[in-house]
Amino acid sequence: MKNYKLLTPGPLTTTENVKKEMLFDHCTWDDDYKAITLKIREELLELGHVNNEDYTVVLMQGSGTFGVESVLTSVIGDDEKVLIVTNGAYGERQVDIAKHAKIPYTTYSEPYNKIPDAKKVAEILKKDPSITHVSMIHSETTSGLLNDIEAVGKVVKESGRTFIVDAMSSFGGVDIPVKEWGIDFIVSSANKCIQGVPGFSFIIANKAKLIASEGKARSLSLDLYDQWKTMDKDGKWRFTSPTHVVLAFAKALEEMKEEGGIPARSKRYYDNNHLLIERMKEMGIDTYIKDHQGPIITTFFYPEHHTFSFTDMYQYIKERGYAIYPGKLTDADTFRIGNIGEIYEEDIEKVCAIIKEFLEVNKSE
Ligand SMILES: Cc1ncc(COP(=O)(O)O)c(C=O)c1O
(Lines give C-alpha, C1' and ligand atoms only; values in the text may rest on other atoms or scores of the structure.)
Protein backbone atom coordinates (compact mmCIF):
# COMPACT_ATOMS: atom_id res chain seq x y z
CA MET A 1 0.00 0.00 0.00
CA LYS A 2 1.21 3.46 -0.88
CA ASN A 3 1.81 5.72 2.12
CA TYR A 4 -0.19 8.92 2.47
CA LYS A 5 -0.44 11.88 4.82
CA LEU A 6 -3.61 12.48 6.79
CA LEU A 7 -5.52 15.70 6.23
CA THR A 8 -8.04 14.61 8.83
CA PRO A 9 -8.77 15.84 12.35
CA GLY A 10 -7.02 12.96 14.07
CA PRO A 11 -5.58 10.45 14.07
CA LEU A 12 -3.20 12.66 12.18
CA THR A 13 0.19 12.43 10.57
CA THR A 14 2.90 12.08 13.24
CA THR A 15 6.68 12.32 12.96
CA GLU A 16 9.01 9.35 12.45
CA ASN A 17 10.45 9.88 15.92
CA VAL A 18 7.03 9.78 17.59
CA LYS A 19 6.31 6.49 15.80
CA LYS A 20 9.75 5.09 16.68
CA GLU A 21 9.12 5.58 20.42
CA MET A 22 6.57 2.79 20.18
CA LEU A 23 9.21 0.18 19.34
CA PHE A 24 9.95 -0.28 23.05
CA ASP A 25 7.75 -2.51 25.22
CA HIS A 26 7.82 -0.67 28.53
CA CYS A 27 6.99 -2.24 31.90
CA THR A 28 3.97 -0.55 33.49
CA TRP A 29 4.99 -0.63 37.16
CA ASP A 30 8.58 0.40 36.47
CA ASP A 31 9.56 3.71 38.11
CA ASP A 32 10.86 5.15 34.81
CA TYR A 33 7.49 4.53 33.22
CA LYS A 34 5.54 6.04 36.10
CA ALA A 35 7.81 9.08 35.94
CA ILE A 36 6.87 9.52 32.26
CA THR A 37 3.19 9.59 33.20
CA LEU A 38 3.84 12.15 35.94
CA LYS A 39 5.86 14.33 33.56
CA ILE A 40 3.14 14.23 30.92
CA ARG A 41 0.60 15.33 33.52
CA GLU A 42 2.81 18.24 34.61
CA GLU A 43 3.41 19.36 31.05
CA LEU A 44 -0.27 19.30 30.22
CA LEU A 45 -0.93 21.59 33.18
CA GLU A 46 1.64 24.00 31.78
CA LEU A 47 0.04 23.90 28.34
CA GLY A 48 -3.26 24.83 29.98
CA HIS A 49 -1.58 27.73 31.89
CA VAL A 50 -2.54 26.25 35.25
CA ASN A 51 -0.59 24.67 38.10
CA ASN A 52 -1.06 21.86 40.56
CA GLU A 53 -2.19 24.09 43.37
CA ASP A 54 -5.72 24.13 42.03
CA TYR A 55 -5.67 22.00 38.87
CA THR A 56 -4.66 18.44 38.08
CA VAL A 57 -4.50 16.10 35.09
CA VAL A 58 -6.12 12.71 34.60
CA LEU A 59 -5.17 10.44 31.71
CA MET A 60 -7.93 8.06 30.65
CA GLN A 61 -7.60 4.98 28.43
CA GLY A 62 -9.64 5.01 25.23
CA SER A 63 -10.49 7.51 22.52
CA GLY A 64 -11.65 11.08 23.06
CA THR A 65 -15.27 10.11 23.64
CA PHE A 66 -14.16 8.03 26.64
CA GLY A 67 -12.69 11.18 28.18
CA VAL A 68 -15.85 13.22 27.58
CA GLU A 69 -18.02 10.38 28.86
CA SER A 70 -15.78 9.99 31.90
CA VAL A 71 -16.23 13.65 32.87
CA LEU A 72 -19.97 13.83 32.21
CA THR A 73 -20.73 10.56 34.01
CA SER A 74 -18.39 11.26 36.93
CA VAL A 75 -18.89 14.89 37.94
CA ILE A 76 -22.63 15.50 37.52
CA GLY A 77 -24.66 13.98 40.35
CA ASP A 78 -28.15 12.48 40.05
CA ASP A 79 -29.53 15.55 41.82
CA GLU A 80 -27.70 17.98 39.53
CA LYS A 81 -28.32 19.04 35.92
CA VAL A 82 -26.13 19.90 32.96
CA LEU A 83 -26.87 22.41 30.20
CA ILE A 84 -25.38 20.92 27.02
CA VAL A 85 -24.71 23.57 24.40
CA THR A 86 -24.69 22.11 20.89
CA ASN A 87 -23.96 23.26 17.36
CA GLY A 88 -22.67 20.05 15.81
CA ALA A 89 -22.36 16.30 16.07
CA TYR A 90 -19.96 16.33 19.02
CA GLY A 91 -22.29 18.44 21.16
CA GLU A 92 -25.07 16.04 20.17
CA ARG A 93 -22.86 13.14 21.24
CA GLN A 94 -22.80 14.64 24.74
CA VAL A 95 -26.60 14.58 24.75
CA ASP A 96 -26.38 10.91 23.76
CA ILE A 97 -23.97 10.25 26.63
CA ALA A 98 -26.31 12.00 29.07
CA LYS A 99 -29.27 9.92 27.80
CA HIS A 100 -27.35 6.65 28.12
CA ALA A 101 -26.15 7.43 31.63
CA LYS A 102 -29.48 8.98 32.67
CA ILE A 103 -27.78 12.25 33.61
CA PRO A 104 -30.31 15.08 34.12
CA TYR A 105 -29.76 17.53 31.24
CA THR A 106 -31.22 20.28 29.15
CA THR A 107 -29.96 21.67 25.84
CA TYR A 108 -29.36 24.94 24.06
CA SER A 109 -28.77 24.34 20.36
CA GLU A 110 -27.66 26.54 17.49
CA PRO A 111 -27.34 25.61 13.80
CA TYR A 112 -24.04 24.01 12.74
CA ASN A 113 -22.74 27.25 11.22
CA LYS A 114 -23.49 29.54 14.16
CA ILE A 115 -21.68 29.93 17.47
CA PRO A 116 -23.69 29.76 20.71
CA ASP A 117 -24.38 33.13 22.29
CA ALA A 118 -23.00 33.69 25.80
CA LYS A 119 -25.92 36.03 26.56
CA LYS A 120 -28.40 33.25 25.81
CA VAL A 121 -26.45 30.89 28.09
CA ALA A 122 -26.65 33.53 30.84
CA GLU A 123 -30.43 33.85 30.34
CA ILE A 124 -30.93 30.09 30.51
CA LEU A 125 -28.86 29.86 33.68
CA LYS A 126 -30.83 32.70 35.24
CA LYS A 127 -34.17 31.09 34.41
CA ASP A 128 -33.22 27.60 35.58
CA PRO A 129 -31.44 27.51 38.95
CA SER A 130 -31.44 23.70 38.89
CA ILE A 131 -28.66 23.78 36.26
CA THR A 132 -25.36 23.09 37.99
CA HIS A 133 -23.03 22.43 35.02
CA VAL A 134 -22.58 23.76 31.48
CA SER A 135 -20.86 21.69 28.83
CA MET A 136 -19.84 22.66 25.32
CA ILE A 137 -17.40 22.04 22.46
CA HIS A 138 -14.54 24.38 21.61
CA SER A 139 -13.59 23.36 18.07
CA GLU A 140 -16.71 21.74 16.57
CA THR A 141 -14.94 19.30 14.28
CA THR A 142 -18.23 18.56 12.51
CA SER A 143 -17.96 21.88 10.69
CA GLY A 144 -14.62 23.44 11.69
CA LEU A 145 -16.28 26.24 13.69
CA LEU A 146 -14.42 27.61 16.71
CA ASN A 147 -16.84 28.38 19.56
CA ASP A 148 -16.27 31.29 21.92
CA ILE A 149 -15.65 29.35 25.13
CA GLU A 150 -14.06 32.39 26.71
CA ALA A 151 -17.31 34.38 26.57
CA VAL A 152 -19.43 31.43 27.72
CA GLY A 153 -16.90 30.60 30.46
CA LYS A 154 -17.29 34.12 31.82
CA VAL A 155 -21.06 33.86 32.25
CA VAL A 156 -20.84 30.33 33.64
CA LYS A 157 -18.33 31.51 36.25
CA GLU A 158 -20.37 34.59 37.10
CA SER A 159 -23.36 32.37 37.77
CA GLY A 160 -21.33 30.01 39.95
CA ARG A 161 -21.79 26.91 37.77
CA THR A 162 -19.22 24.32 36.69
CA PHE A 163 -17.88 24.61 33.13
CA ILE A 164 -16.95 21.52 31.08
CA VAL A 165 -15.25 21.96 27.70
CA ASP A 166 -14.54 19.40 25.00
CA ALA A 167 -11.44 20.83 23.34
CA MET A 168 -10.66 17.55 21.62
CA SER A 169 -9.51 18.93 18.30
CA SER A 170 -8.16 22.28 19.52
CA PHE A 171 -6.15 21.84 22.74
CA GLY A 172 -2.51 22.49 21.89
CA GLY A 173 -3.43 23.97 18.51
CA VAL A 174 -5.26 26.96 19.97
CA ASP A 175 -4.05 28.56 23.18
CA ILE A 176 -6.53 28.01 26.04
CA PRO A 177 -5.80 29.59 29.44
CA VAL A 178 -7.96 27.10 31.30
CA LYS A 179 -8.46 28.87 34.63
CA GLU A 180 -8.62 32.39 33.18
CA TRP A 181 -11.44 31.28 30.88
CA GLY A 182 -13.38 29.78 33.79
CA ILE A 183 -13.00 26.16 32.69
CA ASP A 184 -13.29 23.46 35.36
CA PHE A 185 -12.88 20.36 33.21
CA ILE A 186 -11.30 20.36 29.75
CA VAL A 187 -10.93 17.22 27.64
CA SER A 188 -8.67 16.40 24.71
CA SER A 189 -6.91 13.32 23.38
CA ALA A 190 -3.45 12.03 22.54
CA ASN A 191 -3.95 11.96 18.79
CA LYS A 192 -4.93 15.58 18.14
CA CYS A 193 -2.90 18.81 18.28
CA ILE A 194 -0.16 17.45 20.56
CA GLN A 195 0.49 15.09 17.62
CA GLY A 196 0.64 11.74 19.41
CA VAL A 197 -1.14 8.53 18.42
CA PRO A 198 -4.62 7.31 19.49
CA GLY A 199 -5.06 5.44 22.78
CA PHE A 200 -5.93 7.79 25.61
CA SER A 201 -7.66 11.04 26.39
CA PHE A 202 -6.67 13.57 29.03
CA ILE A 203 -8.63 15.81 31.33
CA ILE A 204 -7.33 18.96 32.99
CA ALA A 205 -9.50 19.30 36.07
CA ASN A 206 -10.23 21.81 38.79
CA LYS A 207 -8.88 19.82 41.73
CA ALA A 208 -11.48 20.89 44.32
CA LYS A 209 -14.34 20.08 41.91
CA LEU A 210 -12.77 16.74 41.04
CA ILE A 211 -12.44 15.84 44.72
CA ALA A 212 -16.04 16.92 45.31
CA SER A 213 -17.14 14.44 42.63
CA GLU A 214 -16.03 11.41 44.63
CA GLY A 215 -18.67 8.70 44.57
CA LYS A 216 -20.77 10.24 41.77
CA ALA A 217 -19.41 8.11 38.90
CA ARG A 218 -21.87 5.88 37.08
CA SER A 219 -19.16 3.65 35.58
CA LEU A 220 -16.24 1.81 37.11
CA SER A 221 -13.70 2.08 34.28
CA LEU A 222 -14.60 5.71 33.48
CA ASP A 223 -14.59 6.88 37.12
CA LEU A 224 -12.61 10.11 36.82
CA TYR A 225 -12.01 10.54 40.53
CA ASP A 226 -10.80 6.95 41.05
CA GLN A 227 -8.56 7.16 38.00
CA TRP A 228 -7.01 10.34 39.40
CA LYS A 229 -6.62 8.95 42.93
CA THR A 230 -4.56 6.02 41.65
CA MET A 231 -2.56 7.98 39.08
CA ASP A 232 -1.81 10.82 41.45
CA LYS A 233 -0.01 8.56 43.95
CA ASP A 234 3.02 7.76 41.83
CA GLY A 235 2.01 7.77 38.17
CA LYS A 236 0.73 4.20 38.01
CA TRP A 237 -2.38 3.82 35.87
CA ARG A 238 -5.45 2.19 37.49
CA PHE A 239 -5.90 -0.45 34.76
CA THR A 240 -3.58 -1.51 31.91
CA SER A 241 -2.01 1.58 30.51
CA PRO A 242 -1.49 2.11 26.76
CA THR A 243 2.29 2.05 27.22
CA HIS A 244 3.32 2.54 23.59
CA VAL A 245 0.91 5.42 23.18
CA VAL A 246 2.17 7.05 26.37
CA LEU A 247 5.78 6.87 25.16
CA ALA A 248 4.79 8.34 21.80
CA PHE A 249 2.89 11.12 23.55
CA ALA A 250 5.86 12.02 25.74
CA LYS A 251 7.95 12.34 22.58
CA ALA A 252 5.24 14.39 20.90
CA LEU A 253 5.25 16.81 23.85
CA GLU A 254 9.02 17.13 23.53
CA GLU A 255 8.69 17.90 19.82
CA MET A 256 6.00 20.44 20.54
CA LYS A 257 8.39 22.27 22.86
CA GLU A 258 11.12 22.17 20.20
CA GLU A 259 8.71 23.68 17.70
CA GLY A 260 8.11 26.61 20.06
CA GLY A 261 5.13 25.42 22.11
CA ILE A 262 1.52 26.34 21.47
CA PRO A 263 2.27 29.77 19.90
CA ALA A 264 4.40 28.23 17.12
CA ARG A 265 2.14 25.25 16.57
CA SER A 266 -0.95 27.41 16.52
CA LYS A 267 0.66 29.75 13.99
CA ARG A 268 1.57 26.82 11.73
CA TYR A 269 -2.01 25.53 11.87
CA TYR A 270 -3.51 28.98 11.25
CA ASP A 271 -1.11 29.54 8.32
CA ASN A 272 -1.96 26.13 6.85
CA ASN A 273 -5.64 26.87 7.23
CA HIS A 274 -5.54 30.34 5.68
CA LEU A 275 -3.52 29.06 2.73
CA LEU A 276 -5.92 26.15 2.23
CA ILE A 277 -8.99 28.40 2.19
CA GLU A 278 -7.29 30.87 -0.17
CA ARG A 279 -6.23 28.18 -2.67
CA MET A 280 -9.66 26.52 -2.58
CA LYS A 281 -11.33 29.89 -3.18
CA GLU A 282 -9.13 30.38 -6.24
CA MET A 283 -10.67 27.14 -7.57
CA GLY A 284 -14.18 28.39 -6.84
CA ILE A 285 -14.61 26.16 -3.79
CA ASP A 286 -16.29 27.94 -0.92
CA THR A 287 -16.24 27.29 2.83
CA TYR A 288 -19.38 26.29 4.75
CA ILE A 289 -18.38 28.41 7.75
CA LYS A 290 -18.36 32.15 7.06
CA ASP A 291 -17.70 33.50 10.57
CA HIS A 292 -15.62 31.88 13.32
CA GLN A 293 -13.82 29.40 11.09
CA GLY A 294 -11.27 27.61 13.28
CA PRO A 295 -7.68 26.68 12.31
CA ILE A 296 -8.14 22.89 12.59
CA ILE A 297 -10.43 21.60 9.86
CA THR A 298 -12.48 23.25 7.11
CA THR A 299 -15.77 22.19 5.55
CA PHE A 300 -16.03 22.95 1.82
CA PHE A 301 -18.99 22.90 -0.54
CA TYR A 302 -18.43 20.98 -3.74
CA PRO A 303 -18.04 23.15 -6.84
CA GLU A 304 -21.34 23.92 -8.59
CA HIS A 305 -22.75 21.27 -10.96
CA HIS A 306 -20.10 18.71 -10.08
CA THR A 307 -20.77 15.15 -11.25
CA PHE A 308 -18.09 13.26 -9.29
CA SER A 309 -18.61 11.53 -5.95
CA PHE A 310 -16.61 12.03 -2.75
CA THR A 311 -15.14 8.54 -3.25
CA ASP A 312 -13.87 9.48 -6.75
CA MET A 313 -12.15 12.57 -5.36
CA TYR A 314 -10.87 10.76 -2.26
CA GLN A 315 -9.31 7.97 -4.34
CA TYR A 316 -7.67 10.41 -6.76
CA ILE A 317 -6.12 12.40 -3.92
CA LYS A 318 -5.15 9.29 -1.92
CA GLU A 319 -3.27 7.81 -4.88
CA ARG A 320 -1.27 11.03 -4.94
CA GLY A 321 -0.33 10.99 -1.25
CA TYR A 322 -3.07 12.54 0.91
CA ALA A 323 -6.24 11.38 2.70
CA ILE A 324 -9.11 13.86 3.13
CA TYR A 325 -12.39 13.57 5.05
CA PRO A 326 -16.05 13.33 4.03
CA GLY A 327 -18.51 16.00 5.20
CA LYS A 328 -20.51 15.44 8.38
CA LEU A 329 -23.36 17.87 7.81
CA THR A 330 -26.94 16.70 7.55
CA ASP A 331 -28.20 19.63 5.50
CA ALA A 332 -25.46 20.24 2.89
CA ASP A 333 -23.26 18.24 0.54
CA THR A 334 -19.73 18.93 1.68
CA PHE A 335 -16.25 17.50 2.26
CA ARG A 336 -13.63 18.39 4.88
CA ILE A 337 -9.89 18.95 4.87
CA GLY A 338 -7.93 19.01 8.11
CA ASN A 339 -4.62 20.83 8.41
CA ILE A 340 -3.29 19.68 11.79
CA GLY A 341 -0.54 17.13 12.45
CA GLU A 342 2.86 17.03 10.77
CA ILE A 343 1.52 19.13 7.91
CA TYR A 344 3.17 22.20 6.43
CA GLU A 345 2.32 24.80 3.82
CA GLU A 346 4.04 22.71 1.12
CA ASP A 347 1.53 19.91 1.85
CA ILE A 348 -1.34 22.36 1.47
CA GLU A 349 0.08 23.59 -1.84
CA LYS A 350 0.46 19.99 -3.01
CA VAL A 351 -3.01 18.83 -2.07
CA CYS A 352 -4.58 21.92 -3.64
CA ALA A 353 -2.66 21.27 -6.87
CA ILE A 354 -3.96 17.67 -6.83
CA ILE A 355 -7.55 18.88 -6.30
CA LYS A 356 -7.14 21.39 -9.13
CA GLU A 357 -5.95 18.63 -11.45
CA PHE A 358 -8.84 16.41 -10.34
CA LEU A 359 -11.39 19.15 -11.07
CA GLU A 360 -9.92 19.71 -14.53
CA VAL A 361 -10.10 15.99 -15.34
CA ASN A 362 -13.69 15.88 -14.00
CA LYS A 363 -14.96 19.14 -15.46
CA SER A 364 -18.75 19.15 -15.80
CA GLU A 365 -20.11 20.53 -19.11
C1 LIG B 1 -14.75 17.88 19.28
C2 LIG B 1 -14.67 16.39 19.36
N3 LIG B 1 -15.21 15.77 20.40
C4 LIG B 1 -15.16 14.44 20.54
C5 LIG B 1 -14.54 13.66 19.59
C6 LIG B 1 -14.53 12.19 19.77
O7 LIG B 1 -13.27 11.68 19.82
P8 LIG B 1 -13.01 10.15 19.48
O9 LIG B 1 -13.46 9.92 18.06
O10 LIG B 1 -11.53 10.04 19.65
O11 LIG B 1 -13.77 9.33 20.44
C12 LIG B 1 -13.96 14.26 18.47
C13 LIG B 1 -13.30 13.47 17.42
O14 LIG B 1 -12.76 13.96 16.47
C15 LIG B 1 -14.03 15.66 18.35
O16 LIG B 1 -13.50 16.29 17.31
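The values are calculated or read from the model by the stated rules, or taken from the named source; none is laboratory data. Just so it is clear, the structure is predicted and the values come from calculations on it, not from any experiment. Note that each Cβ is placed from the backbone with ideal geometry, even for glycine, and that neighbours are counted across all protein chains shown.
All of Ile340, Ile317 fail the test of being touching a helix residue (DSSP H, G or I) at 6+ places or on another chain (Cβ under 6 Å), touching a residue at least 12 places away in the same chain (Cβ under 8 Å), in a loop (DSSP other than H, G, I, E, B) and closer than 21 Å to Thr14 by Cα, apart from Ile340.
Under the condition of being of a type in the set (D, E, K, R), in contact with a Gly (Cβ under 9 Å, 6 or more places away or on another chain), under 27 Å from Ser63 (Cβ atoms) and outside any strand (DSSP E or B), the residues counted in region 125-174 number 1. Considering region 63-85, the residues that are among the β-branched types (Val, Ile, Thr) and surrounded by fewer than 23 Cβ atoms within 10 Å (Cβ to Cβ) include one that is farthest from the ligand (Cβ to nearest atom), namely Thr73. Across region 290-300, the number of residues qualifying as buried (at least 18 other Cβ atoms within 10 Å of the Cβ) and either more than 17 Å from Tyr269 (Cα to Cα) or of a type in the set (S, T, N, Q) (or both) comes to 4. How many of the residues making up region 1-44 are β-branched (Val, Ile, Thr), in a loop (DSSP other than H, G, I, E, B), more than 16 Å from the ligand (Cβ to nearest atom) and modelled with pLDDT of 95 or more? Count: 1. Taking the numbered list (1) within 14 Å of the chain's Cα centre (by Cα); (2) within 16 Å of the ligand (Cβ to nearest atom) in turn, Asp148 passes all entries but (1). Return a yes/no flag: does region 194-204 have any residue that is in a helix (DSSP H, G or I), farther than 17 Å from Gly48 by Cα and at pLDDT 95 or above. Looking through region 194-204, none of the residues is in a helix (DSSP H, G or I), farther than 17 Å from Gly48 by Cα and at pLDDT 95 or above. Going through (1) surrounded by 20 or more Cβ atoms within 10 Å (Cβ to Cβ); (2) closer than 22 Å to Ile115 by Cβ one by one, Gly327 falls short only on (1). For region 343-365, a tally of residues being outside any helix (DSSP H, G or I) and modelled with pLDDT under 95 returns 4.
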